[in-house]
Amino acid sequence: MNKAILMGRLTRDPEIRTTQGGISVCNFTVACDRRTKDSSGEWANEADFIPCIAWRKQAEFVNRYFGKGDRILVSGAIRPRSWEDKNGEKHYITEVIVDEVEFCESRFSDNNSGYKQEKQESRKRDEHLCDDDTSLPFDF
């Protein structure tokens, strides 16, 4: 049985394209935390960056509803592949071919249309917010 289940955050916005046959394909990378012990014996978190590929409706779903930094739950099959570049060098990669995708956080907006655009606009606004605690409407 070849089954991978990943929960993590997208490292960048998904990239969608269409094949010559008209099939949607979406590439994205999931950063998954892994706990390890460091040289002093203390527990530390490290991240594994797992490339994923979604096809057809799953590709369109990921592209529409997820963006950089979003938590995502992915299940699929692990597939290694190799190719030769134009210089004759052989390259290898291991990817997860996505079967299912689920949200891990509440959705940003109840209105599904324009979700990604609203999220990007919100991020731009948030970049300009001040971290000054005096602007909070309550005391700690």
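Let me know the shape class of region 24-106, please: from the alpha-carbon gyration tensor, a ≥ b ≥ c as square roots of the eigenvalues, rounded when a/c is under 1.5, otherwise prolate if a/b is greater than b/c, or oblate.
On the way: a/c = 2.54, a/b = 1.14, b/c = 2.23.
Oblate shape, in that a/c is at least 1.5 and b/c is the bigger or equal ratio.
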Using amide H atoms built 1.01 Å from N in the peptide plane, name the residues 5+ places from residue 4, or on other chains, whose amide H lies under 5 Å from its own.
76, 77, 78
How much accessible area per residue does region 1-61 have, in Å², with a 1.4 Å probe?
68
Take the Cα pairs of region 1-68, get the Kirkwood Rh, then feed it into Stokes-Einstein at 4 °C and 1.567 mPa s and tell me D in µm²/s.
95
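Mind ranking 93-101, 32-40 by how tightly packed they are, going by the mean number of other C-beta atoms within 10 angstrom, highest first? Could the numbers behind the result be given before it?
Numbers: 93-101: 16.0, 32-40: 9.1.
Top of the packing list down: 93-101, 32-40.
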Using a Förster distance of 25 angstrom, determine the FRET efficiency expected from the C-beta separation of residue 97 and residue 46, and round it to 0.05.
0.55
Residue 2 and residue 57 label points (each 7 Å along its Cα→Cβ direction) are spaced in nm at 2.4
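The values are calculated or read from the model by the stated rules, or taken from the named source; none is laboratory data. Please read all numbers here as calculations on a predicted model, not as lab measurements. For neighbour counting, all protein chains shown are included, and Cβ atoms are generated from backbone atoms with ideal geometry for every residue, glycine included. Quick note on the areas: whole protein, heavy atoms, side chains included, nothing else; ligands and nucleic acids left out. Shrake-Rupley method; radii C 1.70, N 1.55, O 1.52, S 1.80 Å.
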